[in-house]
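Report on the structure given below.
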Amino acid sequence: MGDDIQVIATNRQASRRFELRDTYEAGLVLLGSEVKSLREAKGTQVTEAYADLTRSGEMWLRGLHIAAYSHSQDHSGHEPTRPRKMLLHRTELDRLAAKVAQERLSIVPLRIYFKGSKVKVEFALGKPKKTVDRRRDIAARDVARDTERELARAAKHR
């Protein structure tokens, strides 16, 4: 059985905005026109998406934008930003709900992909970074880039 993964969209902003911890995988409940649109791989945006747990113990992905399928008609399409149910086992949902409530974490989608013929979403638990933390990350990246540049220059002039 081949588990070939075809990435549809990634959330590059996630590691900049959040301090990411554990990662998980969940299925998505989609309409046919949404799956067809994802197969075209056009207009899918994960950056503004987030997941939340309801009181009834379900997890929903909100803010995910899936563009309309190019060959659909007005009456057979889908709403681009409708909430989509995430499929997880009850024990996983309970464990996630406990972590989110205790540690005040956010559920951040990282990427959406096809795993075989199924659409999956990879998400992580994370704490939002403060502005100071982001500035530290940028400063550390700048220092690392400068040292690499100096080492390359020194190696070149030997």
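The values are calculated or read from the model by the stated rules, or taken from the named source; none is laboratory data. All figures in this text were calculated on a predicted structure; none of them were measured in a lab. Please note: Cβ atoms are built from the backbone with ideal geometry, for glycine as well, and neighbour counts cover all protein chains shown. Just so you know, the surface numbers come from the protein's heavy atoms only, side chains and all, with ligands and any DNA or RNA stripped out. Shrake-Rupley method; radii C 1.70, N 1.55, O 1.52, S 1.80 Å.
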Note, R62: beta-carbon cut-off 14 Å, +1 each Lys/Arg, -1 each Asp/Glu, net -1
On the accessible surface of the chain, probed at 1.4 Å with all protein chains in place, carbon and sulfur together account for a percent value of 49
Per 10 angstrom bin, beginning at 0 and ending with the bin that holds the maximum distance, the Cα pairs of the chain fall in percents of 10, 32, 28, 17, 9, 4, 0
If unit charges are put on Cβ atoms (+1 for Lys and Arg, -1 for Asp and Glu) and the dipole of the chain is taken about its Cα centre, the option from G57, A26, V7 lying farthest towards the positive end turns out to be V7
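What size of dipole, in debye to the nearest 20, comes out for the range 52-158 about its Cα centre when the only charges are +1 on Lys and Arg C-beta atoms and -1 on Asp and Glu C-beta atoms? It would help to have the intermediate numbers written out before the result.
Numbers: 25 positive and 14 negative charges, 83 e Å.
Computed charge dipole of the range 52-158: roughly 400 debye.
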Listed by chain and number, the aspartates and glutamates with an alpha carbon less than 18 angstrom from that of K129, same-chain partners under 8 positions apart left out, are E19, D22, E48, E103, D137
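Out of the trypsin sites (Lys or Arg not before Pro) in the range 37-67, which ones are loop residues according to DSSP with at most 16 other C-beta atoms within 10 Å? Walk me through the numbers before you get to the answer.
On the way: sites: R39, K42, R55, R62; in loops: K42, R55.
Hits after loop and neighbour filter: K42, R55.
Which longest uninterrupted range of the chain lacks any GluC sites (Glu not before Pro) assigned by DSSP to a loop state (not H, G, I, E or B) and surrounded by at most 14 other Cβ atoms within 10 Å?
Numbers: sites that count: E48, E58.
Of all site-free stretches, the longest is 59-158.
Using only helices, what value at 222 nm comes out for the chain when you add -39,500 (n - 2.57) per DSSP H run of length 4 or more and divide by the total residues, to the nearest 500 deg cm²/dmol? The partial results should precede the final answer.
Values: 4 runs with 53 residues, N = 158.
Using -39500 (n - 2.57) per qualifying helix, the result is -10500 deg cm²/dmol.
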In Å², rounded to a whole number, the accessible area per residue of the chain with probe 1.4 Å is 66
Surpassing 20 Å at the alpha-carbon level, of the pairs K99/K127; K85/K130; K85/K127, are K85/K130; K85/K127
